[in-house]
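Have a look at the structure below before the remarks.
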Amino acid sequence: MSLLIAALTGWDKVLIISAAVALLAGCSSDAGTYTLYRNSALSDSMRVHVATFNSKEGDNYNRENCDLAAQLFAAQPGIGTRFWCEKGAFRE
């Protein structure tokens, strides 16, 4: 691969690198992504990542599934933690 890039000159190199960057940028989109978090039994302010919902079905589908998962986790007997969804990918 590096030999191919080395053989390219000027605009060819710019076009290939630009296409690769555009492709990677498209892959990292958070559009329609929801993340399920929970707190900790030790700390109400702690945010613990549980799951990420980022299917191709889109925003409403991912939000509804995240909300449903939060409800199902919270409904388990003996659970003392809180579950909630936030729009976007996991953040600390």
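Couplings 3J(HN,Hα) for the range 70-77, derived from phi with the Karplus relation 6.51 cos²θ - 1.76 cosθ + 1.60 (θ = phi - 60°), are 4, 5, 5, 4, 5, 7, 5, x Hz, where x marks Gly and Pro. Count Lys and Arg as plus one, Asp and Glu as minus one, and take only other residues whose Cβ is under 12 Å from that of Asp44; the net charge is then +3.
Computed 3J(HN,Hα) for the range 79-92, one whole-Hz value per residue from the Karplus formula 6.51 cos²θ - 1.76 cosθ + 1.60 where θ = phi - 60°, is 7, x, 9, 9, 10, 8, 10, 10, 6, x, 6, 4, 9, 6, glycine and proline marked x. With both labels modelled 7 Å from their Cα along Cα-to-Cβ, the Glu86 to Val48 distance reads 1.6 nm. Among Arg91, Arg82, the order by Cβ neighbours within 10 angstrom, fewest to most, reads Arg91, Arg82.
Read the figures in this text as sums done on the coordinates, not as results from a lab. Keep in mind it's a predicted model, so treat the numbers as computed, not measured. Positions of Cβ are backbone-derived with ideal geometry, glycine not excepted, and every protein chain shown enters the neighbour counts.
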